[in-house]
Amino acid sequence: MKASASISGTGKRPPPSPQKSASTSGAGKRPPPSPPDKNPLQSVELVKDKNGIPQLILRNNDASATVSLLGAQVISWKTKVTGELLFLSKKAIFKPPNAVRGGIPICFPEFKTRETGGENHGFARNRIWVIEENPPHLSGDFKEKVYVDLLLKSSKEDAKIWPHSFEFRLRISLTALGILDLTSRIRNVDRKNFSFCMVYHTYLLVSDIWEVRIEGLETQYYLDNLLQKQRFTEQGASLTFESEVDRIYTDCNNVVAVRDHYKKRTVIIRKDGLPDIVVWNPWIKKSKSIADLGDKEYQQMLCVDGAAVENPITLKPGEEWKGCLELSILLSS
């Protein structure tokens, strides 16, 4: 597998790097900075965490995002004005085969109870991805964005859990205004149909869960996982939090707003190709049962996930599915 970074700005790519494997040391050489005739503040830097797992730091003016090749997981998203916007547990484990608690885990091909005896929330978030040198064309305007392209292919090990051949491509991009975009493309390279779930399991950092509300879910149907997936209709003008919440809003609005009164900011979540939204906070009792989450950390986190869960996506051989998540920030006085 060749590994080098796709860097935005001009559409040019760095020269091919030597052949690399999909191990933790196989992320390729440090990508060169963006050309100076464009934006010298755009860059992608390759570093390693304390366990030697490669990470990519995307910078664009006053915004940055850090992506671990473990799970192709965004573990940090921040701007100079707001500071950090994603929650990351102080007890997070950055060592395969453990998934990292926080950021934006990629849950594929299963989520929650749709397991087939495999790994919780699917195996994609527990695998080392590779940087794709020459990905297939992706439509859209990326001229003012810094971005990376990552790839996960089916393996013999994964086939024991989920017996299908696939290619999963993920482009992560960042604008100068701090808009974070994740675009997934999943292709069936098998000889038979397969179905899957896909979730951007987004852990937002909040000031205090009591100070937060979600707007855009009013009148939407949801399945309550705390009540055997009974179906309800959201009655309130906004969703607030006073106890554990674990819901799947089905076929819901493509735009929701997460308002943090204390921090005076709103995270706007836009999704495309993802019919559902999962909302989760473990609250007091469940937090104590989660090994890689502090007992009181539920107060500073809220998961609001763009998802395809309730009705799994089915692909025929050769077909490709695309699903996008966009996160942006609005500040209030």
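The values are calculated or read from the model by the stated rules, or taken from the named source; none is laboratory data. Predicted model, so just to flag it, every value in this text is computed and none were measured. Quick reminder, even Gly has a Cβ in these numbers, built from the backbone with ideal geometry, and neighbours come from all protein chains shown. Protein only, heavy atoms only, side chains kept; ligands, DNA and RNA dropped before computing areas. Shrake-Rupley method; radii C 1.70, N 1.55, O 1.52, S 1.80 Å.
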* Using Cα pairs under 8 angstrom and six or more residues apart, how large is the relative contact order of region 241-333, in percent? -> 35 percent
* Structure fact -> Carbon and sulfur atoms account, in whole percent of the 1.4 Å probe accessible area of region 44-86, for 47 percent
* Structure fact -> Any lysines whose Cα falls less than 26 Å from that of Lys229, other than same-chain ones fewer than 8 residues away, would be Lys112, Lys271, Lys285, Lys286, Lys288
* To do: On the protein heavy atoms, probe 1.4 angstrom, tell me the percent of accessible surface of region 99-168 carried by carbon and sulfur.
  => 47 percent
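Would you compute, from DSSP H runs of 4+ residues alone, the mean residue ellipticity of the chain at 222 nm, taking -39500 (n - 2.57) per run and dividing by the full residue count, rounded to the nearest 500?
The helix contribution divided over the chain gives -500 deg cm²/dmol.
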* To do: Go through Tyr222, Ile93, Ser287 and say which Cα lies farthest out towards the positive end of the charge dipole of the chain; charges sit on Cβ, +1 for Lys and Arg, -1 for Asp and Glu.
  => Ile93
* Loop-located trypsin sites (Lys or Arg not before Pro) in region 181-269, at most 16 other Cβ atoms within 10 Å (DSSP) -> Arg191, Lys192, Lys229, Lys264
* **Per residue solvent-accessible surface (Å²) - the chain, probe of 1.4 Å** => 45 Å²
* **Accessible carbon and sulfur surface of region 178-326 relative to its total accessible area, %, 1.4 Å** => 45 percent
* Asked: Along the positive direction of the dipole of region 175-333 (beta-carbon charges: Lys, Arg +1; Asp, Glu -1; about the Cα centre), which of Leu274, Leu204, Ile313 reaches farthest?
  -> Ile313
